[in-house]
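As structure tokens, the structure follows; a few thoughts come after it.
The values are calculated or read from the model by the stated rules, or taken from the named source; none is laboratory data. Keep in mind the model is a prediction, meaning the values are calculated, not measured. Backbone-built Cβ (ideal geometry, glycine too); neighbour counts: all protein chains shown. We work out accessible area using only protein heavy atoms, side chains counted, and drop any ligands, DNA or RNA first. Shrake-Rupley method; radii C 1.70, N 1.55, O 1.52, S 1.80 Å.
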Amino acid sequence: MNVVILAAGMGKRMQSSLPKVLHQLAGKPLLAHVIATARSLQAESICVIYGHGGEQVPTAVAAGDIRFALQEPQLGTGHAVAQALPVLNDSVPTLVLYGDVPLTTTASLQRLVAAAGPDQLAILTAEMADPSGLGRIVRADGRIVRIVEQKDANPAERAITEINTGIMLVPTARLRQWLATLSNDNAQGEYYLTDIVARAVADGVAVVSAQPDALWETLGVNSKVQLAELERIHQANLARQLLEQGVTLYDPARIDIRGSLSCGRDVSIDVGCVFVGEVILEDGVCIGPHCVIKNATIGAGSSIRAMCHIEEAEVGAQAQIGPYARLRPGTTLAEDVHIGNFVEIKNSQIAAHSKANHLAYVGDATIGSRVNIGAGAITCNYDGANKFRTVIEDDAFIGSDTQLVAPVTVGKGATLGAGTTLTKDAPAGKLTVSRARQITVENWQRPVKIKK
């Protein structure tokens, strides 16, 4: 099929200079959700109609399989779809979607396709207790004969509770004919796409309907209030999926997934956690409260304690991280690594069974197995212009308050005494200490405050 996505609206009620369809839901633009759904249908072509915001919309979602058409000025939904006509294939039907309706599911759209058959016009409709402001489906003897907009409806038509979601599948050759006949003689002075329904009836083309699995699939975003409401609906759906997979969520209402979260068996997630991008939690992983994890893999049996930030990192099996730890991009931790409170790791590889339990910074380092890094130890990896690497070999012991000025290597089994500033390689198996000699000054007296 062809897919046309209408995304030209200004969104005045959003109170923002950002085009409405670029506001984010679950970490990506509303329009990106709709495009992903279109791709899931294996559409032959996808055309996005843009307008307000200029090139911001094409720039934000540009991809090789997406075509764009500018609607300027904006003269209604029928006029918008007409902008896509030059790129539509007449031999397949055209599905019309909306860039501000992000939660429509593939299953519901497949049901619409099935209802349409090879040559019918199919509309996704829904029952709504309060349909105020929405177009109504007008039927005669059970058959759809037209759609009337709220502003043009009479009292009897306004009492109808079956609404037009705007989503429809249309035979493309017929679509060309019907769009050419549209008039803007209506309350809003616009060319309504919905007027093609009456054209179809007049031409003897059957108009059929299908319904979504849930009403929230049809809800659009016109304000920040509505955006927040859809965010909670979407997050609740994602949480329910995790629960059905066997994940333990301490409170399903307090989790945010802004990307893809894949969980193994016996995973538990405490409250307030945010998962961004692609995150993998393997079997038995336990995530403490208020963690932020982005584009990371957490190995089986690992424990991520409260308030940790992990970004573009790999954590091995049986690791213990946090609380209050930060793993920055390029961090790779092997099995049974312990990273404690207020420890920051950046672009470093740490081998199995090594520990940095508190108050340390490890950047641009390669660290072996069974290494102990004491409190207050840091790698000095940046000279103000260039980054340099620190190597700490297996079984080394790094004393507290140690500075390792890269590039430098600590040999296997070496010990650095507390307070050492290491500027040269430390030999394997030996104690290296760099500190001023301690002295005691005899007969010294503490200063006394002078009275005025």
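If you go through the range 73-94 one residue at a time, do you hit one that is under 30 Å from the mean Cα position of the chain (by Cα), over 30 Å from Asn237 (Cβ atoms) and among the hydrophobic types (A, V, I, L, M, F, W, C)? Yes, the range 73-94 has at least one match. Scanning the range 17-26 for residues that are in a loop (DSSP other than H, G, I, E, B), open to solvent by less than 40 Å² (accessible area, probe 1.4 Å) and either in contact with a Lys or Arg (Cβ under 8 Å, 6 or more places away or on another chain) or over 11 Å from Tyr50 (Cβ atoms) (or both) turns up His23, Ala26. Can you find a residue in the range 331-346 that is under 14 Å from Val391 (Cα atoms) and of a type in the set (Gly, Ala, Ser)? Within the range 331-346, not a single residue is under 14 Å from Val391 (Cα atoms) and of a type in the set (Gly, Ala, Ser).
For the range 334-350, name all the residues that are acidic (Asp, Glu) and either under 27 Å from the mean Cα position of the chain (by Cα) or on the phi > 0 side of the Ramachandran plot (or both). Lay out the reasoning, then the answer.
Start the filter on the range 334-350 by keeping residues that are acidic (Asp, Glu), which leaves 335-336, 344.
If the condition is that a residue be acidic (Asp, Glu) and either under 27 Å from the mean Cα position of the chain (by Cα) or on the phi > 0 side of the Ramachandran plot (or both), then Asp336, Glu344 are the ones that fit.
If the condition is being closer than 23 Å to Leu193 by Cα and among the polar types (S, T, N, Q), then the range 1-52 contributes Asn2, Thr37, Ser45.
May I ask you to verify whether Gln245 is over 20 Å from the mean Cα position of the chain (by Cα) and open to solvent by 50 Å² or more (accessible area, probe 1.4 Å)? Break it down stepwise before answering.
Working: over 20 Å from the mean Cα position of the chain (by Cα): yes; open to solvent by 50 Å² or more (accessible area, probe 1.4 Å): yes.
In short, yes.
Scanning the range 70-96 for residues that are part of a strand (DSSP E or B) and either polar (S, T, N, Q) or buried (at least 20 other Cβ atoms within 10 Å of the Cβ) (or both) yields a count of 3.
Please return the ranges of strands (runs of 3 or more DSSP E) entirely within the range 266-338 where 2 or more residues are open to solvent by 20 Å² or more (accessible area, probe 1.4 Å) and among the hydrophobic types (A, V, I, L, M, F, W, C). I'd like the intermediate steps shown before the answer.
Working: elements: 273-281, 292-298, 309-311, 313-315, 331-333.
In the range 266-338, 273-281 are the strands (runs of 3 or more DSSP E) which contain 2 or more residues that are open to solvent by 20 Å² or more (accessible area, probe 1.4 Å) and among the hydrophobic types (A, V, I, L, M, F, W, C).
Would you check if Ile5 is closer than 20 Å to Leu230 by Cβ, assigned to a strand (DSSP E or B) and open to solvent by less than 10 Å² (accessible area, probe 1.4 Å)?
Values: closer than 20 Å to Leu230 by Cβ: yes; assigned to a strand (DSSP E or B): yes; open to solvent by less than 10 Å² (accessible area, probe 1.4 Å): yes.
When the stated conditions are applied, Ile5 passes them.
Total residues in the range 394-434 satisfying the condition of being over 18 Å from His358 (Cβ atoms) and part of a strand (DSSP E or B): the figure is 10.
Checked against (1) touching a residue at least 60 places away in the same chain (Cβ under 8 Å); (2) open to solvent by 30 Å² or more (accessible area, probe 1.4 Å); (3) under 29 Å from Val292 (Cβ atoms); (4) not small (Gly, Ala, Ser), Arg13 meets all criteria but (3). Apart from one condition, Ala385 fits all of (1) open to solvent by 70 Å² or more (accessible area, probe 1.4 Å); (2) over 21 Å from Glu312 (Cβ atoms); (3) outside any loop (DSSP other than H, G, I, E, B); the exception is (3).
Could you grab me the full set of residues in the range 107-154 that are outside any loop (DSSP other than H, G, I, E, B), of a type in the set (A, V, I, L, M, F, W, C) and open to solvent by 60 Å² or more (accessible area, probe 1.4 Å)?
Narrowing the range 107-154 to residues outside any loop (DSSP other than H, G, I, E, B): 107-116, 121-127, 136-140, 143-148, 150-152.
Remaining after also requiring of a type in the set (A, V, I, L, M, F, W, C): 107, 109, 112-116, 121-124, 126, 137-138, 140, 144-145, 147-148.
Correct list: Ala114 only.
A single entry from Val197, Val221, Val208, Val225 fulfils the requirement of being open to solvent by 20 Å² or more (accessible area, probe 1.4 Å) and touching a residue at least 24 places away in the same chain (Cβ under 8 Å): Val208.
Of the residues contained in the range 206-215, none is found to be in a helix (DSSP H, G or I), in contact with a helix residue (DSSP H, G or I) (Cβ under 6 Å, 6 or more places away or on another chain) and closer than 27 Å to Gln15 by Cα.
Any chance the range 170-183 includes a residue that's buried (at least 21 other Cβ atoms within 10 Å of the Cβ), of a type in the set (Gly, Ala, Ser), more than 31 Å from the chain's Cα centre (by Cα) and under 30 Å from Ser40 (Cα atoms)? No; the residues of the range 170-183 include none that is buried (at least 21 other Cβ atoms within 10 Å of the Cβ), of a type in the set (Gly, Ala, Ser), more than 31 Å from the chain's Cα centre (by Cα) and under 30 Å from Ser40 (Cα atoms).
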